[in-house]
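Accompanying notes for the structure given below.
Rule-based calculations on the coordinates, nothing more; no lab input. Fair warning: this is a prediction, and the values are worked out from it, not measured in the lab. Cβ: placed from backbone, ideal geometry, glycine included. Neighbour counts: every protein chain shown.
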Amino acid sequence: MQLQLRGITKRFGDLVANDDISVTFEPGQIHALLGENGAGKSTLMNVLYGLLQPDAGQIVVDGEPLVFHSPAGAIAAGIGMVHQHFMLVPVFTVAENVELGAESVGPFGFLKTADAARAVERVSAEYRLAVDPNAVVEDLPVGIQQRVEIVKALTREAQCVILDEPTAVLTPQETDELLSIVRGLRDAGKTIVLITHKLREVREAADVITVIRRGRVVAESVSPQTSEVELASLMVGREVSLVVDKPSLEVGEPVLRVNQLSVYDTLDRAIVDDVSFDVRAGEVLCIAGVQGNGQSELVEALVGLHDRSEGRIDLGEKRIDGLSTKGILDLGVGYVPEDREHDGLVGSFSLAHNMVLDTIGESPWSRRGVINYGLINENGQNLIEQYDVRATNAQVAASTLSGGNKQKVVLAREMSRSLRLLIASQPTRGLDVGSIEFVHRQIIQARQSGVGVIVVSTELDEVYALADRILVMYAGRIAGVVTPDVGRDDLGLLMAGATTS
Amino acid sequence: MSEPSTPSTGLSGSKTEDTLHPGTEPPDSLTGELRRRVLSINLAVTLLAFVLALAIGAVLIAASAPSVIESLGYFFARPFDTFAAVFNSVYSAYSALFQGALLDVNELREGDVSAAFYPLSETFTVSAPLILAGLAVAIPFRAGLFNIGAQGQMAFAAIGGGLVGFGLSLPAGVHLLASLAAAMVFGALWAGLVGLLKAKTGAHEVITTIMLNYIAIYLLGWVLNQDWFQREGRNDPISPILNESATFPLIFGGGLRIHFGILFSIGAVIVVWWMMTKTTTGFRIQTVGANAAAARTAGMNVGRIWIVAMLWAGAMAGLAVSMNVNGTDKVVTAGIVGNIGFDAITVALLGRGSPFGVLAAGLLIGGLRAGGLAMQASTGTPIDIVLVLQALIVLFIAAPALVRAVFRLRGKTADSLTIAKGWGS
């Protein structure tokens with residue numbers, strides 16, 4: 001099925017999310033839609049899938065203009081979407097999830113789940129997806145859950161499958177498997193739309209690439225042979241360097257020693273299982289791993305945010321396990337939380353107030369409990385200039401900023417204290433390339449000033465760009481500690497649970 | 001227009017922290033949602049909610065007025081009789097309401113200044129405890145806590161304030177302050193317990209405050225039947241009369257009930273405003289209320305801040321009941337709290353959680369109460385209409401989209417949708 005978007009324009013107030021976008025997706029082709037976060041890819045797909053109505057433009061399916069008022073219309077026209085966040089009910093089986101929304105019922109309203117199960121089997125055999133219709137979704141690995149979404153689309157006779165950032169939650173191996181499945185679908189004549197910001201995958205899988213920037217198509221029918229640097233420049237609109245300039249390593253004494261640390265969830269299952277490592281002054285230790293393998297909990301335990309942990313943690317000469325978060329931060333630990341919106345900032349507060357969130361009780365911001373707002377505002381203004389936060393002034397609410405600028409506010413706050421250890425969890429997730437460069441430079445700068453740095457990241461590119469040593473976590477344990485000269489394949493294997501010999 | 005958010009099942013997320021920290025509410029909890037909404041309502045919506053409530057109140061007044069019902073009997077013969085009756089009934093009821101709340105114009109014409117200002121004196125007298133109790137709800141509200149327990153905190157505080165008030169002999173002034181202090185301490189203890197339970201066990205404050213309300217109210221009933229609290233020679237639950245030295249002096253006297261307690265009310269509003277906007281305590285309370293996760297990540301002790309907010313709330317509730325114990329009633333009875341602890345929720349919501357908002361809302365509700373009595377006396381319109389008005393105001397404030405729709409205001413249309421947000425998003 002040929003799918004054409006003609007002059008799609010979508011505005012949200014003053015913001016033009018899609019500005020006269022025209023693309024044609026051909027059958028038997030993998031068409032990658034490449035763009036930074038916020039470039040308008042998701043808006044475009046939501047328009048295509050009937051979740052949003054365009055302000056102008058047309059959707060044309062096989063030469064026939066169609067209007068979708070809801071996803072039901074798009075599904076009926078043969079368009080299937082695999083969302084970045086899966087739309088599955090965890091406690092249902094695969095077959096139940098597949099029939100959800102299109103249940104066929106027999107006499108007395110009984111569900112014909114067996115029919116759905118047969119459909120799953122048929123589709124799964126046809127495209128070699130290996131999905132068991134009777135498995136309960138929450139028991140399945142993430143990669144298989146994603147396949148369930150694909151099966152769901154295929155059982156509804158989708159001729160066009162849209163995959164929205166499909167590899168964000170996958171290991172490198174799972175990514176390879178997914179890409180080969182997608183190639184299989186293409187060979188069967190389906191129209192595939194791959195939305196992503198990952199250059200490597202695009203080059204590997206796509207037949208044709210369209211680059212979107214700030215709501216406009218900036219390059220169409222780009223060949224997948226185009227170099228990564230060139231693609232990145234198209235995405236960002238200027239020359240970018242994908243390599244972080246990193247001076248040679250001068251490590252000092254260990255600043256952080258972690259000994260047999262375990263973290264438990266409320267059911268007493270070990271999320272982090274007997275982990276020991278150290279971080280030396282002036283080095284960047286990257287904690288790599290697929291999301292959800294205990295990295296977040298490990299970091300929370302380090303800064304005293306997890307109350308169900310055991311083991312010994314020393315910062316320099318001082319034992320810090322059991323200390324309050326405040327006590328740990330005061331010893332010179334900077335913490336950039338994984339979820340900056342949720343844990344890092346108070347959206348309704350001004351930037352200036354956010355800059356003193358962790359030091360409000362200290363001189364000079366307050367004396368005897370009375371706050372000196374003059375100084376705080378001055379400090380806020382200085383920091384937004386110093387850290388290049390794009391905001392009119394320090395009085396605007398943090399929630400009005402873009403993701404990159406929010407992260408700069410968090411970094412400014414944490415790095416304006418005197419630090420011995422900086423912990424940055426997913427520091428560039430969801431940021432544009434320009435902000436990523438900035439954040440990486442700041443992290444390297446901290447390293448150069450003799451701070452020990454821990455960076456938790458699921459992006460291999462970031463791990464390779466920053467790390468002096470790489471600690472790989474799998475299922476709560478350390479799968480291995482390697483240097484960045486290790487190959488991607490070997491790192492991928494570690495992330496998938498293979499151990500170093 | 002706003003972008004519809006795609007619901008996510010949370011399947012792919014790895015965050016499990018909501019279950020890991022007892023006492024942490026998920027950010028999208030219902031109280032959090034309510035808090036976010038109330039704080040985001042603008043003044044225009046508040047005022048229009050009041051206008052809308054008055055309009056619906058007018059319909060009810062007209063529908064229940066005997067003259068209207070009578071004239072409807074011959075509506076087709078003389079329809080204008082009905083319209084006139086409607087206008088007269090609504091006009092006379094509302095003018096009695098407003099005169100009863102502000103100024104008695106007839107008495108003023110006759111030159112009786114004291115009687116003319118009687119309505120205003122009543123408004124202030126009724127408002128004094130409402131404002132303070134409103135603060136007791138508003139302070140925790142800013143910390144993200146919904147304090148339904150002002151009623152119980154006031155009942156418990158009445159025991160302390162009363163005991164010191166009639167049990168001790170101290171010099172005038174000192175005695176009053178001692179009695180007020182005792183009430184504030186008792187109230188703070190009762191409320192602090194809620195904060196402590198929330199911080200240590202994660203018990204939801206709505207549940208604990210409701211339960212503690214029952215306990216405090218029955219405790220007060222029991223205490224009133226004990227030898228050491230009950231007035232000698234009485235079998236009914238009533239305390240001895242407070243010593244003169246422990247009561248608020250009247251400001252004007254001469255039949256006007258207004259006493260110096262109202263100045264304590266206004267003073268408390270200023271102190272709370274200062275605390276909330278100028279001190280680290282206020283900063284922390286607002287941080288925890290706006291984003292408890294970020295507060296914890298920044299090293300704040302969220303549990304302690306909840307306790308502090310509840311201690312302030314309890315102290316305000318204690319001062320609120322003192323307006324009755326040491327001011328208007330001068331005794332402790334089982335009904336000393338009245339319904340003030342619950343009206344306080346209205347006041348706090350109407351005042352959008354800000355101290356001066358609470359002051360304005362307290363005066364408004366107090367005025368409606370005072371005026372309602374006058375309205376009932378002079379026009380026979382039942383005072384219940386005032387309760388209906390009050391309920392309608394809260395209803396419209398809780399549903400700002402409705403008010404915006406009626407008055408065609410531009411605003412976030414997604415407001416009405418967010419409450420149905422899915423889990424895990």
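Here are the numbers for the structure shown:
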{"item": "Fluctuation leader among B:Gly144, B:Gly335, B:Gly160 - chain B, Gaussian network, Cα springs under 10 angstrom", "result": "B:Gly335"}
{"item": "Paramagnetic reach from A:Asp461 (point 7 Å along Cα→Cβ, amide N under 20 Å) across region A:1-42", "result": "A:31-42"}
{"item": "For region B:135-195 and region A:89-128, distance of Cα centres in Å", "result": "61"}
{"item": "Distance (nanometres) between label positions extended 7 Å along Cα→Cβ at B:Phe356 and B:Thr277", "result": "0.6"}
{"item": "R0 of 60 Å, Cβ-Cβ distance B:Phe260-A:Asp268: FRET efficiency to nearest 0.05", "result": "0.50"}
{"item": "Test item: A:346-357 mean partner chain Cβ contacts at 10 Å", "result": "4"}
{"item": "Where labels lie 7 Å past Cα in the beta-carbon direction, separation of B:Ala44 and B:Ile207 in nm", "result": "4.2"}
{"item": "Order of B:Glu232, A:Glu138, A:Glu96 under a 10 Å beta carbon neighbour criterion, fewest first", "result": "B:Glu232, A:Glu138, A:Glu96"}
{"item": "Expected 222 nm ellipticity per residue - DSSP helices of 4 or more, -39500 (n - 2.57), all of chain B, to 500", "result": "-21500 deg cm²/dmol"}
{"item": "Calculated from backbone phi, Karplus (6.51, -1.76, 1.60) coupling profile of region B:53-69 in Hz, x at Gly/Pro", "result": "5, 4, 5, 5, x, 4, 4, 5, 4, 5, 5, 9, 7, x, 5, 5, 4"}
{"item": "Partner chain coverage, peptide B:275-287 - average Cβ within 10 angstrom", "result": "4"}
{"item": "Residues A:Val272, B:Val388, A:Val222 arranged by fewest to most Cβ contacts within 10 Å", "result": "B:Val388, A:Val222, A:Val272"}
{"item": "Cβ neighbours within 10 Å from other chains - mean over A:320-326", "result": "2"}
{"item": "Computed [θ] at 222 nm, helices only, for chain A once each DSSP H run of length n ≥ 4 contributes -39500 (n - 2.57)", "result": "-9000 deg cm²/dmol"}
{"item": "Choice from B:Ile215, B:Ile262, B:Ile148 showing the highest fluctuation, given a GNM over chain B with Cα pairs closer than 10 Å", "result": "B:Ile215"}
{"item": "Order of B:Leu189, A:Leu199, B:Leu263, A:Leu154 under a 10 Å beta carbon neighbour criterion, fewest first", "result": "B:Leu263, B:Leu189, A:Leu199, A:Leu154"}
{"item": "Number of Lys pairs (Cα under 26 Å; 8 or more positions apart or on different chains) in chain A", "result": "20"}
{"item": "Packing rank of B:91-103, B:131-143, where each peptide gets the mean count of other beta carbons within 10 Å, highest leading", "result": "B:131-143, B:91-103"}
{"item": "Candidates B:Ala181, B:Ala77, B:Ala191, ranked by Gaussian network fluctuation over chain B, Cα under 10 Å, top entry", "result": "B:Ala77"}
{"item": "Zone residues, region A:85-110, relative to A:Ala76, backbone N less than 18 Å from point 7 Å out along Cα-to-Cβ", "result": "A:101-104"}
{"item": "Sites A:Phe92 and B:Arg234, calculated FRET efficiency, Cβ-Cβ separation with R0 51 Å, nearest 0.05", "result": "0.15"}
{"item": "Model label zone, A:Lys318; criterion: amide N under 20 Å from point 7 Å along Cα-to-beta-carbon; scope region A:223-258", "result": "A:253-258"}
{"item": "Label point distance in nm, A:Ser399-A:Gln53, each placed 7 Å from Cα along Cα→Cβ", "result": "2.7"}
{"item": "Chain A: angle of helix A:403-415 to the longest principal axis, Cα-based, in degrees nearest 10", "result": "20"}
